[in-house]
Amino acid sequence: MNTIQGKNIHELMISIGKDARDAARVLAITTAEIKNKAILAIAKAIRRNQAMIQNANEKDLAQAKQKGLSAAFMDRLLLDNNRIEAMAKGLEAIAELNDPIGTTLATIKRPNGLKIIRVRIPIGVIGVIYESRPNVTTDAAGLCLKSGNAVILRGGSESFHSSSAIMAAIHEGLHTATLPKAAIQMIPTSDRTAVSEMLSMDKYIDVLIPRGSQQLIEYISANTRIPLFKHAAGLCHTYIHEAADLDMAKNLVHNAKMRRTGICGATEILLIDQAIVSSHLPTIIEDLHNAGCEIRGDEPVVKLDSRVKLASEQDYKTEFLDAIIAIKVINDLASAIEHIVSHGSHHTEAIITEDKAAAERFLKEIDSAIVMHNASTQFADGGEFGMGAEMGIATGKLHARGPVGVEQLTTFKYLVYGNGQVRP
């Protein structure tokens, strides 16, 4: 049996769970000032340890290259100077947010004199399982600290060295603020047995947040009793309506697809009205092609440009996370809505149009977590929503939906004040 820190994996995970539960009780009553002090100290430690983090990241990149992983995967894994600085700035942005804990959500005064107050409180212990992106480590640390939650992190094996180096900086920050080290823990092994153990820890973990491939989400959903904030596949659509401005459409599609192809908010499917195929699509295809994007399309699109590959039905259901886009010609707004409803993942969809009525119908009828008008789907991000950072985009309908930020990592309780009332 594998042993780590003198314990087998089951014993290790139970120990981590108990420590997290104890730390959560401390965080629940920690002041906003102390939490912010810790978050800002972590940001400073990230900057101070930049060389160490980059050296660890280089090990992960070298191993990923040996395994022949895709360029898109390597991009998600990379931590350069700008990305490390962005991690620190993200933490500082979280520190500037209003502290949600203790906020009064509602006050009810009953005829019998009872006063009932609903107040916001931490959830408790959050478990986060993620794959290639090591920056999730700081996002989770900052958001959970701000919301008064302890967190147990399980990063992907491909980013193990990077995440471990980041965790060392995080623990420096916690020490500076005299908060328990167990407030933020990372499972110290890439052994997959630890994931199975984590999924069974409903006694210690209140909510699980999985971030990664559709296969990961499905595996976790099928193998745990712990409630989930699901981050389903980012099968994002951009729809070019017949009343779209050509220049705007070209610029928005380029950004939505090519700004960063490996993020969940990247547009994967482009829908365009038949009425404007000849006037709009050639320019858009040329722009995407020049940017290095592989274009797959249905027969009308293939006929328009010989460089386009004939798309399969599966292409319209695929989160490419790469410089690949699938284009489909549709009849009208109703057809676009029907396609998204039947093929989408309820993540993020956008319409490009100058017709306000068409835009309002699209916004009303598309039941995704984020729906946009004349904006790039790459804005589907907690930081861009003013949340400082996010734990992912929740595509379910209960509790949290859309970017999961500080407020979404809280729940509430009722405080009832009486003066001797008994129920008749």
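The values are calculated or read from the model by the stated rules, or taken from the named source; none is laboratory data. Quick caveat, the model's predicted, so the values are computed rather than measured. Reconstructed Cβ throughout: ideal geometry from the backbone, glycine too, with neighbour counts over all protein chains shown.
The table that follows gives values for the structure above.
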read-out: In region 263-281, the residues that are under 10 Å from Thr377 (Cβ atoms) and either in a strand (DSSP E or B) or not β-branched (Val, Ile, Thr) (or both); value: Cys264, Gly265, Ala266, Thr267, Glu268
read-out: Selection status of Ala64, closer than 26 Å to Ser196 by Cα and in the same structural domain as Gly127 (by TED's automatic domain parsing); value: yes
read-out: Criterion: surrounded by 15 or more Cβ atoms within 10 Å (Cβ to Cβ) and more than 30 Å from Phe229 (Cβ to Cβ) - qualifying residue of Ala350, Ala358, Ala291, Ala326; value: Ala358
read-out: Condition met for Ser70 (exposed (fewer than 14 other Cβ atoms within 10 Å of the Cβ) and either in the same structural domain as Thr411 (by TED's automatic domain parsing) or more than 18 Å from Lys181 (Cβ to Cβ) (or both)); value: yes
read-out: Candidates Arg76, Arg21, Arg47 - the one that is under 28 Å from Phe320 (Cβ atoms), surrounded by 14 or more Cβ atoms within 10 Å (Cβ to Cβ) and among the basic types (Lys, Arg); value: Arg76
read-out: Selection from region 191-219 of residues that are out of contact with any strand residue (DSSP E or B) (no Cβ under 9 Å at 6 or more places or on another chain) and assigned to a loop (DSSP other than H, G, I, E, B); value: Arg192, Ser200, Asp202, Lys203, Ser213
read-out: Residue in region 305-323 that is within 16 Å of Ala249 (Cα to Cα), free of Cβ contacts under 8 Å to residues at least 40 places away in the same chain and not assigned by TED's automatic domain parsing to the domain that holds Gly212 present; value: no
read-out: Matching residues in region 377-424 - criterion: being in contact with a Lys or Arg (Cβ under 7 Å, 6 or more places away or on another chain), buried (at least 18 other Cβ atoms within 10 Å of the Cβ) and either in a loop (DSSP other than H, G, I, E, B) or of a type in the set (Lys, Arg) (or both); value: Gly392, Thr395, Val406
read-out: Selection count where residues are polar (S, T, N, Q) and closer than 18 Å to Ile263 by Cβ, scope region 58-93; value: 2
read-out: Subset tally (residues that are of a type outside the set (Asp, Glu) and either surrounded by fewer than 22 Cβ atoms within 10 Å (Cβ to Cβ) or more than 30 Å from the chain's Cα centre (by Cα) (or both)) for region 266-283; value: 10
read-out: Residue in region 205-212 that is assigned by TED's automatic domain parsing to the domain that holds Thr138 and under 14 Å from Ser15 (Cα atoms) present; value: yes
read-out: Given (1) in a strand (DSSP E or B); (2) modelled with pLDDT of 95 or more; (3) under 18 Å from the mean Cα position of the chain (by Cα), index of the condition Gln185 fails; value: (3)
read-out: Segments classed as helices (runs of 4 or more DSSP H), wholly inside region 43-96, with at least 2 members that are over 16 Å from His161 (Cα atoms), under 22 Å from the mean Cα position of the chain (by Cα) and touching a residue at least 24 places away in the same chain (Cβ under 8 Å); value: 71-77, 81-96
read-out: Test: residue in region 116-135 that is part of a helix (DSSP H, G or I), over 21 Å from Thr410 (Cβ atoms) and in the same structural domain as Ile187 (by TED's automatic domain parsing); value: no
read-out: Search result, residues across region 168-181 that are crowded, with 21+ Cβ neighbours inside 10 Å and assigned to a helix (DSSP H, G or I); value: Ala169, Ile170, Gly173, Leu174
read-out: Residue check, Asp315 at pLDDT 95 or above, under 20 Å from Ser213 (Cβ atoms), surrounded by 14 or more Cβ atoms within 10 Å (Cβ to Cβ) and not hydrophobic (A, V, I, L, M, F, W, C); value: yes
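One line per residue, one yes/no per condition, for (1) touching a Lys or Arg at 6+ places or on another chain (Cβ under 9 Å); (2) closer than 20 Å to Ala140 by Cβ:
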site: Ala64; (1), (2): no, no
site: Lys67; (1), (2): no, no
site: Ser70; (1), (2): no, no
site: Leu78; (1), (2): no, yes
site: Lys89; (1), (2): no, yes
site: Glu92; (1), (2): no, yes
site: Pro100; (1), (2): yes, yes
site: Thr103; (1), (2): yes, no
site: Ala106; (1), (2): yes, no
